[in-house]
Amino acid sequence: MSKPSVPPAASLAGDAAGIEILSRREVYRGRATVEEVTLRQRRRDGGHQEITREIVRYGRNVVAVLPLDLERGCLLLCRQLRVPMLVDQGDPRPFEVCAGRLEEGEDAADGARRELLEEFGVAALSLTPVMVCYTSPGILGARADLFLAGYDGAARAAGGGLVAEGEDIEVLEVGFAEAARLLAEGRLRDAKSVILLQHLMLRHPDRFGPLAGP
């Protein structure tokens, strides 16, 4: 199985030319940490500027998985309480794919399989890497590895996440057409979920009907 493409270290190092980190300090530690970084940057116009930015870290890198059953034409989504969306957007339980943080030393594919079993109660019969993305590069330091996974609907267990982590996840099995409607009507708003569903629609446009088009 191939892994999502990641730029080679040499090209990333070249992008850092003209950037000098002056100071780093942790300014908050709770469920997340916030680090303040001050740096000097050479501008494209030849000038220089000094800027200060914050980096929010919530554990390690993350994985996101869209489980699907091509034979039956359905997939799994979930809803759970998202406090930031409740407070700032009035949308407490947005539709999402399966997602979670990697454990120490855990491979992204292994993490995807674990999260899928914990949260959705299904084993990944297959796992297809889709891409690596940065969900909010202006403030979050983590990357997200995105996958499609095959599952057997007849073998679904309870799922629902881990009570010890405060998770209370409602798992929903929806048909491809219904998932496309959620997207077309603007009811699917989570970025990683939109990326994965649109990728699935591009791979299998014949399974989604006219809503798969522009």
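The values are calculated or read from the model by the stated rules, or taken from the named source; none is laboratory data. Treat the numbers as computed from the prediction; the structure is a model and nothing was measured. Cβ atoms come from the backbone with ideal geometry, glycine included; neighbour counts cover every protein chain shown.
Annotations for the structure displayed:
- Residue match in segment 47-55 (condition: more than 30 Å from the chain's Cα centre (by Cα), farther than 30 Å from Ala108 by Cβ and in a loop (DSSP other than H, G, I, E, B)): yes
- Selection count, segment 129-155, where residues are part of a strand (DSSP E or B) and in contact with a Ser or Thr (Cβ under 9 Å, 6 or more places away or on another chain): 8
- Candidate set: segment 115-164, residues that are polar (S, T, N, Q) and at pLDDT below 95; chosen: the one nearest to the chain's Cα centre (by Cα): Thr135
- Residue within segment 94-106 that is among the aliphatic types (A, V, I, L, M) and surrounded by fewer than 16 Cβ atoms within 10 Å (Cβ to Cβ) present: no
- Selected residue (criterion: surrounded by the fewest Cβ atoms within 10 Å (Cβ to Cβ)) from residues of segment 107-121 that are in a helix (DSSP H, G or I) and acidic (Asp, Glu): Asp110
- Of all the numbered requirements in (1) in contact (Cβ under 8 Å) with a residue 60 or more places away in the chain; (2) in contact with an Asp or Glu (Cβ under 6 Å, 6 or more places away or on another chain), Ala64 misses one, and that requirement is (2).
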